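See below for the structure under consideration.
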Amino acid sequence: MIDAMHPKMVTKIPRLWISKFFFANTWMAWLWLIVRLYVGYQWLTAGWEKLTGYSIKFTNFGQATGSAPWIFGNNDGGALTAYLQHAISLSQGSNASVQPWYAAFLRDIILPNAGICSYIVTFGEILVGLGLIFGCLTGVAAFFGLLMNLMYLMAGTVSTNVILGVLSLLLVMAWRIAGYYGIDQQLMPVVWGRRLRDMYSRANSPVNIPPDVAVEASMPSLKVSDSKLKRVSLTRMNEVGEQEAAQTDDTSFRMKPDK
């Protein structure tokens, strides 16, 4: 039974082509650019309103929101305290929209530290928005945005949190390419090393032809038959493919030589 739980050989299940196409192919980076600009805009405007009390949305740019800033005032944490108290009240009754355990978490941990949490929420929303708009650590920014969406939803606030949460989850899944048109194109290879650097450098190149195969094909003096040269070339390409597959978990481009 122990051998069954810890087999000596492990079979890797390859990812579906549609998953690789949407979440790991730089051709689709333009789609995630649109998504992260929208989500980043929503977070940045929400955080700016909490910071200043004024809106920077396209529809009412520069107008007062009607509510005082959450921080840097005489009543830091006041707005968040009112929000938390309302969320805790939603946990009462038979059809409560807030789970009792989450209401206890808000009452015992968040509410006593509402002043500090107001700063965390305000600057967190602004940083998430800037990270998504400029494509800087896009996957990390989308993750923390998703975390805030979940916390708002569990506190009984639906609003746009469902849509933003789904889009943020997709951005997390596409973290390799979501910031390709942004700072991540230069930052991610430095942070994550050679694997992403190689992916970005050979973007949209499904197969790399080895140099020695190209040399063999360009030297007629070898007098090798076309079928033999093709068999040697494909064998060599398979070897390179196995090396790349070990790094990218992608074996879909391996080819078989003619018999």
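The values are calculated or read from the model by the stated rules, or taken from the named source; none is laboratory data. Owing to the predicted nature of the structure, the values given are computational and were not obtained by experimental measurement. Here Cβ is always computed from backbone atoms with ideal geometry, including for glycine, and neighbour counts include all displayed protein chains.
Taking the criterion of being surrounded by fewer than 17 Cβ atoms within 10 Å (Cβ to Cβ) and of a type in the set (A, V, I, L, M), the residues of the stretch 52-89 that qualify are ILE56, ALA64, ALA68, ALA82.
In the stretch 106-114 there is no residue that is in contact with a helix residue (DSSP H, G or I) (Cβ under 6 Å, 6 or more places away or on another chain), surrounded by 17 or more Cβ atoms within 10 Å (Cβ to Cβ) and under 25 Å from CYS136 (Cβ atoms). Selection of the stretch 70-98 for residues being in a loop (DSSP other than H, G, I, E, B), of a type outside the set (Gly, Ala, Ser) and out of contact with any helix residue (DSSP H, G or I) (no Cβ under 6 Å at 6 or more places or on another chain) yields PHE72, ASN74, ASN75, LEU90, GLN92, ASN95. The residues of the stretch 92-104 that are without any contact (Cβ under 8 Å) to a residue 40 or more places away in the chain and closer than 27 Å to PRO69 by Cα, listed by number, are ALA103, ALA104. Checking the stated criteria, ASP76 turns out not to satisfy the condition of being without any contact (Cβ under 8 Å) to a residue 40 or more places away in the chain, in the same structural domain as GLY145 (by TED's automatic domain parsing) and not basic (Lys, Arg).
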